[in-house]
Amino acid sequence: MVVQPAPEHPLDLMFPQELISSEVTKELPPGLIMRPLASTDYKRGHFAVLSVLTVVDDLGEDAWVAHFQSMRATPKTYYSLVIVDQVTDKIVATGTVFMERKFIRGLGTVGHIEDIAVDKSQQGRRLGLRIIQALTHISENTGCYKTILNCNEDNIAFYEKCGYKKKEIEMAKYAPEKIHPPKL
Ligand SMILES: CC(=O)SCCNC(=O)CCNC(=O)[C@H](O)C(C)(C)COP(=O)(O)OP(=O)(O)OC[C@H]1O[C@@H](n2cnc3c(N)ncnc32)[C@H](O)[C@@H]1OP(=O)(O)O
């Protein structure tokens, strides 16, 4: 008798896969898939990919999962997605759009793109572009009247290639006890 392997447990996703544009995913290089962040993605190197962006304090899997669950428990607010290498089962790129509900603009919503990171070995393969296209699609298709992001001077050309335009100036004030030296 042939013993069939147990079916893989379906991934526990942050939001429905259908929100990711198939027009974008079909442009990915072979062997890579794009999907929502899953509750098991700590093991797939989510923190490691984010470390190309800035300092990441790895507080362990339990803390990571609790954070994931708290974000998912806030409905229609956080949309984090990943690109995964199907051979290694490791995350090679990630990004997030979160929704800010406002009292202006007819009680409108703004999509904020945050924390875009592509593993160094995969940069230059248009994965960053695909992440921005997918997040912008989510933002626009969930009703945001605009999508915005902050970046440093070095990344302006990248975001222009993604269809974004420079507008206004960011100001920031870090809480003293939370200051991290920037890695970029
Ligand atoms: C909102 C935020 O999170 S800002 C922080 C962004 N993240 C970081 O800076 C972390 C470190 N860097 C990265 O992770 C990546 O290099 C990213 C996200 C900036 C770009 O991702 P990549 O996958 O390497 O870029 P991708 O291949 O999609 O580039 C798309 C186009 O932009 C161009 N491009 C990419 N980066 C740059 C750059 N820094 N300057 C000029 N052009 C660039 C590419 O040449 C490409 O042009 P093409 O369409 O003519 O070929």
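The values are calculated or read from the model by the stated rules, or taken from the named source; none is laboratory data. Keep in mind that this is a model prediction, so the values were computed, not measured. Glycine also receives a Cβ, built like all others from the backbone with ideal geometry; neighbour counts cover every protein chain displayed. The area values use the complete protein model at the heavy-atom level, side chains included, leaving out ligands, DNA and RNA. Shrake-Rupley method; radii C 1.70, N 1.55, O 1.52, S 1.80 Å.
From the residues in region 24-46 that are free of Cβ contacts under 8 Å to residues at least 60 places away in the same chain and over 18 Å from Arg72 (Cβ atoms), which one is surrounded by the fewest Cβ atoms within 10 Å (Cβ to Cβ)?
Pro30
Using the structure shown, decide if Gly106 is open to solvent by less than 100 Å² (accessible area, probe 1.4 Å), within 12 Å of the ligand (Cβ to nearest atom), modelled with pLDDT of 95 or more and not in a strand (DSSP E or B).
No; evaluated as a whole, the condition is false for this residue.
Which one of these does Arg130 not meet: (1) exposed (fewer than 15 other Cβ atoms within 10 Å of the Cβ); (2) near the ligand (Cβ under 8 Å from one of its atoms); (3) in a helix (DSSP H, G or I)?
(1)
Return the residues of region 133-164 that are more than 8 Å from the ligand (Cβ to nearest atom), in a helix (DSSP H, G or I) and either among the aliphatic types (A, V, I, L, M) or on the phi > 0 side of the Ramachandran plot (or both); say none if nothing qualifies.
Ala134, Leu135, Ile138
Would you be able to tell me the number of residues in region 109-127 that are within 7 Å of the ligand (Cβ to nearest atom), part of a strand (DSSP E or B) and polar (S, T, N, Q)?
Qualifying residue count for the region: 0.
Which condition number in (1) in contact with a strand residue (DSSP E or B) (Cβ under 7 Å, 6 or more places away or on another chain); (2) within 8 Å of the ligand (Cβ to nearest atom) is the one that Ser80 fails?
If we test Ser80 against (1) in contact with a strand residue (DSSP E or B) (Cβ under 7 Å, 6 or more places away or on another chain); (2) within 8 Å of the ligand (Cβ to nearest atom), just (2) comes out false.
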